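To start, the structure under review is shown below, and the notes come after it.
Values in this text are rule-based calculations from the coordinates and carry no lab data. Please read these numbers as outputs of a predicted model, since none were measured by experiment. Heads up, the Cβs are rebuilt from the backbone with ideal geometry, glycines too, and the neighbour counts pull from every protein chain shown.
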Amino acid sequence: MHILSAASALPGPPVDNAALARRFGMDALWEQWVEAFIGTGARHLALDLESGKVTTTLADLAADAGARALAAAGVTAGEVDAVVLGTATPDRLMPATVNVVADRLGIDQVRTFQLQSGCSGAVQALDVARQLLLAGETGTVLVLGGDVIARFYDVTRDLTRAAPAELVNYVLFGDAAGAAVVSADPRPGSAQVRALFTRLVGLGREPGAVLEWFGPADRHTDGHHDRPAATEDYKAIEKHVPEMTEEVLLELLRAVGWTDRDVDLVLPPQLSGRMTRLITDRLALPAAREVSVVDHAGNCGNAIVFLQLERALTEISPGERAIGVSIESSKWIKAGFALEGGAS
């Protein structure tokens, strides 16, 4: 599988920590806490913070990113054989967001797949595309990933009374979508996927992140009205994600026969600015350039890998090697890929 192009779409202007603090009535100490312990400076949100109104849907963002990726690859809608989307936050249960996006892009008469997953859904979507290409019946696949997490925010919430598991979500996440065009055949500027895997490792582990979906019938049952829509066990994530990242790196290096000195670019998990720096330091890849976007985009869920790929494709030279890692903490999935720059 060769990645021909990657592109992204972000909603609205960046929202910095000072803007969040003003909106939710938090003091300067809270803003300093965010800078010190989260380390993410800004994010883009698909809603108006003042009114709480959603301004941009996942379909809006994914269609924008998809159109940009197709244009960058020089691929028309009629040349796409399949579309795959990874997301934790589809716009609706039905119709599937992937099909809405395909319609907007003028894509029809093709296979479409929508995967429900946290961050690693981006790699799972790439894996599905790879299997389609290996089957030999598909030549070009448009792979999408994205999330609009801000629509689960309660902008009237008094965050001074919120538990840490809820509070952390307001500063960790951003909204975005990304896309990649992949093919069985290389083109100038493409990168070859040398290895890729995703693996559930959640047996017996408590969820590290929960995103609720309440319907009208169950909204007021089983304590739903008392539970926040999104919670994060940040301590568990802080403990497990770095060690899982290291495990993914070692497995990928063994799969392709590289040493740690052979890695020229590393695309680490993008939970937060602080966590990314800790993880990169722990990996200690002596020659690797870091490709991170979390400082200005926040944790964009299924979009983040595509934002990283967009940058990586502009930086990777022919013959250079890259490792990407994604960890999904809701029920714990390890995922990663190894890339090698193709001919210029």
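Structure notes:
- Among Ala163, Ala28, Val101 - extreme Cα towards positive end, dipole of the chain, charges at beta-carbon: Val101
- Distant-in-sequence amide H partners of Gly208 (H built 1.01 Å from N, under 5 Å): Ser330, Lys331, Trp332
- Assuming charge only on the beta carbon of Lys and Arg (+1) and of Asp and Glu (-1), the dipole of the chain about its Cα centre is about 200 debye to the nearest 20.
- Prolate/oblate/rounded call for the range 1-109, Cα gyration tensor, a/c under 1.5 rounded: prolate
- Kirkwood radius for the chain, taken over all pairs of different Cα atoms as the inverse mean of 1/r, rounds to 20.2 Å.
- Amide H contacts of Leu115 (H built 1.01 Å from N, under 5 Å, at least 5 apart or other chain): Leu85, Gly86, Thr87
- Based on DSSP H segments of at least four residues, each scored -39500 (n - 2.57), the chain has a per-residue ellipticity at 222 nm of -9500 deg cm²/dmol.
- Anchor Lys334: lysines whose Cα lies under 28 Å away (excluding residues fewer than 8 positions away in-chain): Lys235, Lys239
- At full extension, Glu206 and Arg289 could sit 26.5 nm farther apart than now, given 0.36 nm per residue minus the alpha carbon distance.
- Averaging the sequence gap over all C-alpha pairs within less than 8 Å and six or more residues apart, then dividing by the number of residues, gives the chain a relative contact order of 26 percent.
- Prolate/oblate/rounded label for the range 2-183 (Cα gyration tensor, a/c 1.5): prolate
- Local charge for Trp332 was computed over the other residues whose Cβ lies under 10 Å away, with Lys and Arg +1 and Asp and Glu -1, and equals +2.
- A cut-off of 5 Å between modelled amide H atoms, ignoring neighbours fewer than 5 places along the same chain, links Asp147 with Ala176, Asn302, Ala303.
- Centre-to-centre, using Cα atoms only, the range 310-324 and the range 29-47 are separated by 29 Å.
- In the range 1-99, GluC sites (Glu not before Pro) in a DSSP loop with at most 15 other beta-carbon atoms within 10 Å: Glu50
- In terms of its C-alpha gyration tensor, the range 191-341 has a prolate overall shape, because the principal axis ratio a/c (a ≥ b ≥ c, square roots of the eigenvalues) is not below 1.5 and a/b outweighs b/c.
- Most simply put, the range 2-183 has about 65% antiparallel DSSP beta bridges, counting only bridges with both residues inside it.
- In order along the range 234-251, the Karplus-derived 3J(HN,Hα) couplings, from 6.51 cos²θ - 1.76 cosθ + 1.60 at θ = phi - 60°, round to 5, 5, 5, 5, 4, 6, 8, 4, x, 5, 5, 4, 5, 5, 5, 4, 5, 5 Hz, and Gly and Pro are given as x.
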